[in-house]
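Here's the structure we're looking at; comments come further down.
The values are calculated or read from the model by the stated rules, or taken from the named source; none is laboratory data. This is a predicted model, so every value here is computed, not measured. Don't worry about glycine lacking a Cβ; one is built from the backbone with ideal geometry, like all the others, and counts go over all protein chains shown. Heads up: the accessible areas ignore ligands, DNA and RNA and are worked out on the full protein's heavy atoms, side chains in. Shrake-Rupley method; radii C 1.70, N 1.55, O 1.52, S 1.80 Å.
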Amino acid sequence: MLSLPALSRRFLALLPALLLLASSVVLAQPAAPTDTRNLLPVPTSVRWGTTTLKPKTTLRPLFQGNPDSITSAAVTRTLNRLGLNAPVKNQSANTLPLQISYGKIGRPELFDEERYSLRVTPSGVTIDAPTSLGVLRALATLEQLPQVVGRNVVLPEVDIQDQPRFAWRGLLIDAARHFMPVSVIKRNLDAMAATKLNVLHWHLSDDQGFRVESKTLPRLHQVSGQYYTHAQVREVLRYAAARGIRVLPEFDVPGHTIAWQSAYPQLASGDTLYKTVYQSWRLANVAMDPTKETTYELLDTLFGEMTALFPDPYFHIGGDENDGRQWRGNPRIMAFAKAKKMLKSDGKTLDKHALQTYFNRRVLTMLTKYNKQMVGWDEILGPGLPKNAVIQSWRGKKGLYDAAKAGNRAILSNGYYLDLYLSASNAYGTDPLPVDNPLSVTQQRLIMGGEATMWSEFADSVIIDSRIWPRAAAVAERLWSAREVTSTPDMYRRLAVVSRQLEGLGLQHRSAPEQLLRQLAGPTDVVPLRTLTQVLEPVKEYKRHFQGFTYTPSTPLNRLVDAAPAESDVARNFNCRVDSLMEAMSTAQARGSVFAMSASRRNAVTMRQQLQTWQANHSLLIPLLASSPTLTEYAPLSAALSAAAALGLERLALLEKQQQPDAEWQAEAIKQLDALNKPAGQTELVLLPAIRRLVELK
Ligand code: ACM
């Protein structure tokens with residue numbers, strides 16, 4: 001049996017913020033829609049013109065001065081993607097200039113400016129920026145401009161001035177829990193560039209693996225099996241740099257280090273000898289021994305090597321989730337702590353924080369020697385932490401604000417945890433610096449931005465895109481666009497467009513789950529299985545660990561739950577239809593007229609068709625559910641969908657007849673719907689609340 005407290009710590013730490021968030025999302029509902037056509041993130045200023053470039057126009061780049069190789073390659077890439085590249089010979093009358101000027105080569109690691117202006121007029125396209133980074137961001141915007149007019153795709157006339165709100169806009173990819181091949185990282189870098197994210201936070205070591213070849217301590221990668229060679233790391237660094245993206249490596253210490261200990265047991269604080277990397281997802285609470293000089297010698301050797309391999313001036317040392325139990329249990333470590341006055345006021349209990357700060361300071365000295373600035377999770381914050389450490393806040397906003405108040409720079413990840421399967425609107429409603437933040441103007445300047453995090457216990461290299469995208473794009477917009485850009489419906493509208501754009505770039509967030517469904521359906525028609533899966537989501541937060549199925553690093557992620565969307569568009573859209581219906585009813589009431597279904601005819605027709613499809617789906621799926629051992633566990637959800645849809649249809653029929661539902665019928669229907677609300681196979685039927693709202697309509 002898994003120990004619940006051990007597994008749920010990350011979740012428990014996040015819980016208060018989640019509750020807070022739920023209310024702030026509601027408050028964040030906008031007064032006015034954003035609508036800046038399909039641009040995501042929304043630029044600082046956009047003025048749409050009235051014309052478009054002529055269909056079939058091609059563009060020829062004209063640089064002011066000689067372009068650097070990264071910029072000229074990026075321009076070619078964009079023109080190729082847009083199909084606007086002018087043939088070198090036979091320049092036709094339809095070829096217009098794409099004029100590009102920038103002041104200097106921009107270095108993302110120095111936070112050089114990303115500001116740009118982009119103008120499309122009938123005489124051509126102009127990009128102007130202080131640095132080449134601005135050109136890259138302008139090109140990302142240009143790629144989102146094309147509009148379909150009739151049978152043509154054209155560039156609209158527009159004048160855009162744009163700059164980011166925050167300088168640090170990251171995505172964490174955990175390549176330690178499940179290894180992510182270079183191709184996965186590269187396509188995610190393409191998606192990051194498309195949405196103007198600029199930091200890849202590469203989580204490279206954890207209990208379950210150490211994922212970079214080490215030439216100085218080779219057992220680290222040898223015990224882990226799958227790892228990146230130095231050549232592969234450099235390939236990723238080049239690919240990221242070509243897109244104006246920094247790469248921040250994370251080597252998590254002193255906790256989360258079973259992989260290290262299985263390679264070099266002398267690092268251990270406890271007496272367990274790990275013969276292999278960790279084969280479990282349980283929080284292990286192991287930590288390196290912070291009292292031995294040999295620990296620091298080993299770290300110095302490794303960090304010397306890794307700081308040379310990764311050029312970014314920042315280096316992430318983790319620092320999270322060490323509860324100190326191994327330190328408390330080791331008499332030698334306790335004696336050390338006593339000698340160094342690291343005991344609490346009772347003179348007996350270890351002040352874990354003091355000992356970890358001692359460890360952090362030793363590590364920070366090393367990193368300073370290698371010209372790196374230290375980044376760590378919010379646990380490292382505390383008295384004695386030097387001011388140049390950057391804090392990444394994951395347990396709540398408090399860590400973010402405490403860091404800034406203490407004079408440390410900070411970035412936010414709480415609220416942006418993609419692996420909790422929360423909605424894009426949830427992340428979108430999380431602002432690192434809302435109007436009512438508690439910081440002074442000087443302290444606010446220490447908030448550098450934020451990062452979406454993709455921890456990979458439940459994401460392998462096949463399905464990871466579907467767990468990141470498109471939701472990470474909502475975080476990208478929150479970190480780039482102005483604070484006032486808060487229209488959730490409009491964000492969702494543009495997110496759908498970006499999602500298609502990302503497919504074109506090679507992201508597999510839609511194709512991989514579909515492929516999985518086809519495998520599960522085998523020779524049978526995939527449609528009924530897809531119909532069911534589209535209205536399911538994996539259970540939220542970290543509940544997947546606690547529903548009678550034990551996941552380990554070797555559990556294949558190829559069940560229906562893995563094909564279920566992190567956020568169901570179909571369920572969300574159906575919920576919006578119920579909203580429209582309710583609005584129409586209350587308008588009718590306000591006017592003192594009888595609600596006439598005819599006013600919402602199209603909406604009602606679509607709803608009825610959907611409900612009929614769902615109602616009929618179960619009988620179509622029964623043969624497959626019964627014959628496939630991996631699908632049988634989902635039969636209750638399929639039956640529930642059918643039963644819930646039947647109730648929705650009954651209510652819709654009454655509405656059409658302008659009949660009030662019988663109170664008894666309504667109470668019984670709600671009781672039935674509540675009874676249907678049971679997860680199966682770590683998956684829940686997320687359509688139920690919307691159907692319940694429909695049934696409840698008075
Ligand atoms: C974390 O989620 N433990 C940083």
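Quick notes
- Whichever lysines have a C-alpha closer than 19 Å to that of Lys186, once near sequence neighbours (fewer than 8 apart) are set aside: Lys196
- Once you reduce the stretch 299-362 and the stretch 550-598 to the center of their Cα atoms, the two points are 48 Å from each other.
- From the alpha carbon centroid of the stretch 244-280 to that of the stretch 212-237 is 14 Å.
- One chain, two ends: Gln373 and Val46. Fully extended at 0.36 nm per residue, the span grows by 114.0 nm beyond their Cα-Cα distance.
- A full extension of the chain between Leu439 and Arg361 corresponds to an added length of 25.4 nm, given 0.36 nm per residue minus the alpha carbon distance.
- Ranking by accessible area, most exposed first, for Glu293, Glu664, Glu583 with a 1.4 Å probe: Glu664, Glu583, Glu293
- Taking the alpha carbon gyration tensor of the stretch 200-254, multiplying each eigenvalue by 5 and rooting it gives semi-axes of 21, 13, 8 Å, largest first.
- Accessible surface of the stretch 271-334 [probe 1.4 Å, protein heavy atoms]: carbon and sulfur percent: 53
- q = 0.14, 0.16, 0.19 Å⁻¹: log10 I(q)/I(0) that the Debye formula gives for the stretch 331-478, counting C-alpha atoms only: -0.81, -0.95, -1.09
- Column: log10 I(q)/I(0), Debye, Cα scatterers of the stretch 561-698, q = 0.19, 0.22 Å⁻¹: -1.11, -1.39
- Among the protein heavy atoms, those of Ser619 account for about 80 Å² of accessible surface (1.4 Å probe, every chain in place).
- Fraction of beta bridges assigned by DSSP in the chain that are antiparallel (%, nearest 5): 35
- Pairwise label distance in nanometres, Thr121 with Lys348, each label 7 Å out on the Cα-Cβ vector: 8.1
- Restricting the calculation to Cα atoms, the stretch 474-537 yields a radius of gyration followed by a Dmax of 15.8, 50 Å.
- Counting only residues at least eight positions apart within a chain, or on another chain, the lysines with an alpha carbon under 20 Å from that of Lys671 are Lys698.
- Percentage of interatomic Cα-Cα distances in the stretch 51-122 larger than 21 Å: 32
- Per residue, in Å², the accessible surface of the stretch 599-676 once ligands and nucleic acids are set aside, probe 1.4 Å: 51
- Computed with a 1.4 Å probe on the full set of protein chains, the accessible area for Phe546 sits at about 70 Å².
- The equivalent ellipsoid of the stretch 184-304 has semi-axes of 29, 15, 13 Å, largest first, where each one is the square root of 5 times an eigenvalue of the Cα gyration tensor.
- Listed residue pairs exceeding 24 Å between alpha carbons, taken from Lys275/Lys338; Lys275/Lys540; Lys215/Lys372; Lys292/Lys369; Lys215/Lys275; Lys405/Lys543: Lys275/Lys338; Lys275/Lys540; Lys405/Lys543
- A convex hull fitted to the Cα coordinates of the chain yields 191 cubic angstrom per residue.
- Membrane-span-like helices in the chain (whole DSSP H runs, Cα extent of at least 27 Å along the helix axis, mean Kyte-Doolittle hydropathy of at least -0.5): 9-27, 569-590, 601-627, 635-656.
- Cα convex hull of the stretch 28-166, projected area averaged across orientations, nm²: 9.8
- Ellipticity estimate at 222 nm from DSSP helix runs (n ≥ 4, -39,500 (n - 2.57)) divided over the chain, nearest 500: -13000 deg cm²/dmol
- Separation in nanometres of the label points that stand 7 Å from Cα toward Cβ, at Ser627 and Phe111: 6.1
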